[in-house]
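The values are calculated or read from the model by the stated rules, or taken from the named source; none is laboratory data. Treat the numbers as computed from the prediction; the structure is a model and nothing was measured. Heads up, the Cβs are rebuilt from the backbone with ideal geometry, glycines too, and the neighbour counts pull from every protein chain shown. The accessibility values were calculated without ligands, DNA or RNA, using every heavy atom of the protein model including side chains. Shrake-Rupley method; radii C 1.70, N 1.55, O 1.52, S 1.80 Å.
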Amino acid sequence: MSEPLLTIDGLQAWYGRAHILDGIALTVGRGEVVALMGRNGAGKTTTLKAIMGLVERRAATLRFDGRDLSALPAHRIARLGVGYVPEDRRIFADLTVEENLEVGRQPPRPGAPAWTPEKLFALFPNLAEMRGRRGTRMSGGEQQMLTLARTLMGNPSLLLLDEPSEGLAPLIVRQMAEAVRRLKAEGLSVLLSEQSLSFASAVADRACVIETGRPRWTGTMTGLMADDGVRAAYLAV
Amino acid sequence: MSFLLVQALSGLATAATLFLVSSGLTIVFGVTRIVNFAHGSFYMVGAYAGWSLIERFGGTPAGFWGSVTAAALAMGVLGAAMEIGLLRRLYRSPELFQLLGTFGVVLVVQDLTAWAWGPEDLLGRRAPGLKGSIDILDQPFPLYDLVLIGLGPLVLGLLWLLFNRTRWGTLVRAATQDREMASALGVDPARLFTGVLFLGCALAGLGGALQVPREAVTLQMDMAIVVEAFVVVVVGGMGSLAGAFLASLLIGQLQAFGILVFPQITLVLVFLFMAVVLVLRPHGLLGRAEEVPPTAPATVTVPLSTGGHTGSWALALLALLAAVPLVAGDYALILLTEVVILALFAASLHLLIGLGGLVSFGHAAWFGLGAYGSALLVKHMGAPMPLALAGAPVLAGLGALVAGWFCVRRSGLYFAMLTLAFAQIAWSIAFQWYAVTGGDNGILGVWPSSWAAGKAAYYWLTLALCGGTLWLLRRAAFAPFGYALRAGRDSGLRAESVGIDVRRFQWMAFVLAGSAAGLAGGLYAFAKGSVFPTLLAVPQSVDALVMVLMGGIQTVAGPLAGAVVFHLLKSEVMSLTDWWRLVLGLIIVALVLVFPRGIVGFLSGLRSSFVRRRA
């Protein structure tokens, strides 16, 4: 079997003096959707930020597509084909929908689906109707769609999706899950952080459960659904 | 009627230049969140470079406009170089470091410019083809100024297109809002920021080069324009291009007509206008409320410690200092008197910065107000020294009471800009109100009473007054007053939620610091025997900041050490060279980059790492 698209081992991360991640290890294979699960404060968001180079971090292994990421700044990592979708959306509120997409635009790269605004508008029809609208005047669900679309404009081969279902209406959550499945079908690999078991089970192939910055359990999504003990120990609130 | 029209038109011409320069400043601030003090330096060097090029090539219209463009582009390149060499290392620093670091560049550039072009004012040639004037309602108006008036809106339009219709502009606007997110989308913020500095400084250089046919090129134009550009940017709303345009128009007119109505206080008018706008519209005319995320306070929030034996150490030091006249000569005593005065000046500023987290960029106002207060009492009322000295902290305190009411309404950069504005108001009064203050000539003959006329006697008097005030300031720092101030500094919201009226405490601190600085100023006036407007000018405020920074912000003793080192450096080392601005500027830049914790912080860091190694 070939090397996984993303390999992480012994990942440490800090916010100032606070040690947040202590030895996270996981892999994401090509075309695979992996759910990073855990309670609030377990370190899911920090894991994704650490991969992206947005927090101070160190790792025994942090490889993506055959490249070592550990010394690269965020924009170089993005240009290698890692797309990051933050949980707090971070739309450029002064920019229109089309301008937000323009910021994310990068040249197409081999081995990853190539996106244009038109293809994205087909995927997210809501956005098509508000191309000229500024980010300040959008609902939460629309902003979430725009955040995802903006990242896809960079033609990533791996998507880091932080809490995609958080704070969204049930209808939007279903649309979101549908979008993730479509992206997987296009050949994208996805690492998503999630608290909602139902969302994760709807889209993910495998799960990695973490708690207080340490890996606790790894296996298939079906395995996790079957294992009441793990769920009770690390996920139940 | 026609006279008024021409006056309005000349106001528009002033506004055009002001807009060119301020647009660059506001663009740079909008993206980097750094208030670039050196912006005026690019304007000045742009003018000098433009002068040289125009002298050589400016005989034809093509040569003239080519020279102007070349000067602007050259300034852009220098600006980009400054971003790479200095600003890039300051993005995460507290704004104090950013302001000081760029001010260091101002000093360096001043000396380099004087070295390259000489100290004489330079008169440039007129623009070919635009030398005459046209009659507007029978009043002559220079053609060149008409071209300038047209240039303002043209540049605004081009900048609008650049930011709204190009990919580069879109990326810049995105990075302005959320630098980290933009970089996570593959945008290299470093390259973007270098480009922004190129653009901003090229605009400043353009403004400077365009001045060559209008007025003499001088070594003073950098500070004059940057202070005005600050006002424009703050009035318009920091980061807003349209706001800068609007504010330029208003201030251009204010100056054109203000000079007719109040010729003595045109400078004051501009700053009063700014203070009024900020009280009515705290974020400027077209600024937005979100604005200015707090910059990293990390270097400031290290807790102060009372230290076990501080009291006995201080007494020992005082006794030692009091014994100095027994062994030292007059020169050493004069020097030491100044050091003690400056230590009080620095400590009073430290009260604001270290405890209150309030970075004042105009602390010289209170020092100078105290000095002028004493001098005026002596000069106009024939007051004896004790009365005049008592008047110094009172007058400075009253001034700080009024100014503080405005200033503490805002925090961070706006606070710094407001304090700067009030210092400039005080400076312009001292500078322009000849009848009372003697303007440039200052006030001479401010000598101590006969009982304190000896160098040793005056030194002891200074030591007693400054020592006593320092002791009071230290008491305040470790009293509930000091705790409340520090609570407000570290988290204003939390402090308010436990019932601390943060603003009132900041106001009180402002007045206390102002009075203490005023006493230092009064003592300084009698030590020197004279006062000059430079005592209230920006460099004096910066001196105080450098002393605080040299000593280290986190320690109460820091400003004292800073004052000693700084004054000895300035009077002993820098007097050996004509290029003291260059030396001082480089020291400031080095301090900001290499010793952000100051001398005392650096030494205690060394000591603790030494102790750790031994353990």
Could you check, for the stretch B:34-42, whether at least one of its residues is assigned to a helix (DSSP H, G or I), in the same structural domain as B:GLY104 (by TED's automatic domain parsing) and open to solvent by 10 Å² or more (accessible area, probe 1.4 Å)? yes
Search result, residues across the stretch A:202-222 that are hydroxyl-bearing (Ser, Thr, Tyr) and either touching a Phe, Trp or Tyr at 6+ places or on another chain (Cβ under 9 Å) or in contact (Cβ under 8 Å) with a residue 60 or more places away in the chain (or both): A:THR212, A:THR218
Considering (1) at pLDDT 95 or above; (2) surrounded by fewer than 20 Cβ atoms within 10 Å (Cβ to Cβ); (3) polar (S, T, N, Q), say which one B:THR113 fails and leave the rest. (2)
Could you give me the residue pairs with C-beta distances under 9 Å whose first residue belongs to the stretch B:453-477 and is outside the structural domain of B:GLY354 (by TED's automatic domain parsing), whose second residue is hydroxyl-bearing (Ser, Thr, Tyr) and surrounded by fewer than 19 Cβ atoms within 10 Å (Cβ to Cβ) wherever it lies, and which are 6+ apart or on separate chains? none
Out of (1) of a type in the set (A, V, I, L, M, F, W, C); (2) at pLDDT below 90; (3) farther than 22 Å from A:GLY66 by Cα, what's the single condition that is false for A:VAL180? (2)
Here's a check for you: in the stretch A:53-68, which residue that is surrounded by fewer than 22 Cβ atoms within 10 Å (Cβ to Cβ) and basic (Lys, Arg) is nearest to the other protein chains (Cβ to nearest Cβ)? A:ARG67
Within the set of pairs 6 or more residues apart or between chains, which connect a residue that is farther than 19 Å from B:GLY239 by Cα inside the stretch B:138-158 to a residue that is of a type in the set (Phe, Trp, Tyr) and open to solvent by 20 Å² or more (accessible area, probe 1.4 Å) with Cβ atoms less than 8 Å apart? B:GLN139/B:PHE3
What do you reckon, is A:ALA71 more than 20 Å from the chain's Cα centre (by Cα), facing another protein chain (nearest Cβ under 9 Å) and either in contact (Cβ under 8 Å) with a residue 60 or more places away in the chain or part of a loop (DSSP other than H, G, I, E, B) (or both)? no
Considering only the stretch B:517-536, I want to know if a residue exists there that is open to solvent by 10 Å² or more (accessible area, probe 1.4 Å) and not in a helix (DSSP H, G or I). yes
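For every residue, the table says whether it meets (1) farther than 20 Å from B:ALA16 by Cβ; (2) assigned to a helix (DSSP H, G or I).
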position	(1), (2)
B:ARG214	no, no
B:PHE230	no, yes
B:VAL233	no, yes
B:PHE245	no, yes
B:LEU249	no, yes
B:VAL270	no, yes
B:ALA275	yes, yes
Can you confirm whether the stretch A:40-52 contains a residue that is at pLDDT 95 or above, within 9 Å of chain B (Cβ to nearest Cβ), open to solvent by less than 30 Å² (accessible area, probe 1.4 Å) and under 16 Å from the mean Cα position of the chain (by Cα)? yes
What residue, of B:LEU260, B:LEU249, B:LEU286, is over 27 Å from B:VAL45 (Cα atoms) and touching a residue at least 60 places away in the same chain (Cβ under 8 Å)? B:LEU260
Helices (runs of 4 or more DSSP H) lying entirely in the stretch A:78-150 (those with 1 or more residues that are within 14 Å of chain B (Cβ to nearest Cβ)): A:97-104, A:117-123
Out of A:LEU235, A:LEU188, A:LEU183, A:LEU192, I need the residue that is over 25 Å from A:SER157 (Cβ atoms), of a type in the set (A, V, I, L, M), open to solvent by less than 50 Å² (accessible area, probe 1.4 Å) and out of contact with any Ser or Thr (no Cβ under 6 Å at 6 or more places or on another chain). Which one? A:LEU235
Count - residues of the stretch B:119-139 that are modelled with pLDDT under 95 and closer than 24 Å to B:HIS39 by Cβ: 2
Looking at B:ALA127 and the list (1) exposed (fewer than 12 other Cβ atoms within 10 Å of the Cβ); (2) more than 14 Å from chain A (Cβ to nearest Cβ); (3) on the phi < 0 side of the Ramachandran plot; (4) not hydroxyl-bearing (Ser, Thr, Tyr), which single condition is not satisfied? (1)
Within the stretch B:68-86, is there a residue that is assigned to a loop (DSSP other than H, G, I, E, B) and either at pLDDT below 90 or not assigned by TED's automatic domain parsing to the domain that holds B:MET223 (or both)? no
Would you be able to say whether some residue in the stretch B:5-28 is open to solvent by 10 Å² or more (accessible area, probe 1.4 Å) and among the aromatic types (Phe, Trp, Tyr)? no
Within the stretch B:425-470, the count of residues that are of a type in the set (S, T, N, Q), assigned to a helix (DSSP H, G or I) and open to solvent by 20 Å² or more (accessible area, probe 1.4 Å) comes to 4
Hits in the stretch B:494-510 (condition: open to solvent by less than 100 Å² (accessible area, probe 1.4 Å), assigned to a helix (DSSP H, G or I) and not hydrophobic (A, V, I, L, M, F, W, C)): B:SER497, B:GLN506
Return yes when A:GLY167 is closer than 24 Å to A:THR96 by Cα and open to solvent by 30 Å² or more (accessible area, probe 1.4 Å) and no when it is not. yes
Taking the stretch A:151-175 as the search range and keeping residues that are under 23 Å from A:ILE51 (Cα atoms) and free of Cβ contacts under 8 Å to residues at least 60 places away in the same chain, which one is nearest to the other protein chains (Cβ to nearest Cβ)? A:MET153
Please verify whether the stretch B:179-197 includes one or more residues that are away from every other protein chain (no Cβ under 14 Å), crowded, with 22+ Cβ neighbours inside 10 Å and not in a helix (DSSP H, G or I). no
Is one or more of the residues making up the stretch B:141-151 over 18 Å from B:LEU9 (Cα atoms), open to solvent by 10 Å² or more (accessible area, probe 1.4 Å) and out of contact with any strand residue (DSSP E or B) (no Cβ under 8 Å at 6 or more places or on another chain)? no
Could you please let me know if B:ALA16 is of a type outside the set (Lys, Arg) and free of Cβ contacts under 8 Å to residues at least 12 places away in the same chain? no
